[in-house]
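Have a look at the structure below, then the notes.
Nothing in this text is a laboratory measurement; each read-out follows from the coordinates by a stated rule. Because the structure is a prediction, the values reported are computed rather than measured. Cβ atoms come from the backbone with ideal geometry, glycine included; neighbour counts cover every protein chain shown.
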Amino acid sequence: MCVGKCARCTGLSLMLLAMFSIAANLFLIFPNLDGSYLKRQQISRYATSMSGVWAGGLMMLLSGISSLVALLGAAISLSISVTGLFNGPYCLFQVDDGGAQKWGYLKFKPLKNSSAILFLETSSWSSDCIEPPHIEAWHSSFFILLSLCNILQISLCLSQMVNAFFGVLCGHCDQKKDQHSV
């Protein structure tokens, strides 16, 4: 593939992934599309850090300026997303059998005989969250989506950097311009 065509393909892919990252992060701060949790500051700090917007989104849109900045943004967003995924959703849950409830992070509880695939199942949190409703599935779905977008962004940024390196060494392959200049 020509260096120029590869750069356009990679750039377009990064733009689309940036949009997906921004959308996934926005869904994370509005659980079940309900803004009242954000208003009451009952949203995970990993979601409110907005890494999917500024690091996985806006820094990706700057990738035309610097692939290194985009790579850094994707890596930061991936790190925060994975941490948020493992620390569990921020929700109201019952502390003990006495009925006391508190807002906090419901950490991931590994299942017996678990594998990496079982982690992705929302039953890993055993539905201990009282409010927001179904936050376990919402939380895991969008943090997994955001993490996957970030992994693709990292690989595309690396590809873009390698492509640029070969473009500098080998030159462009725009044959139409070369034929007209002869």
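Numbers at a glance
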| item | result |
| --- | --- |
| Spin-label model distance (nm) - CYS9 vs SER155, 7 Å beyond Cα toward Cβ | 1.4 |
| For ILE29, net neighbour charge (Lys/Arg +1, Asp/Glu -1) across residues whose Cβ lies under 13 Å away | +2 |
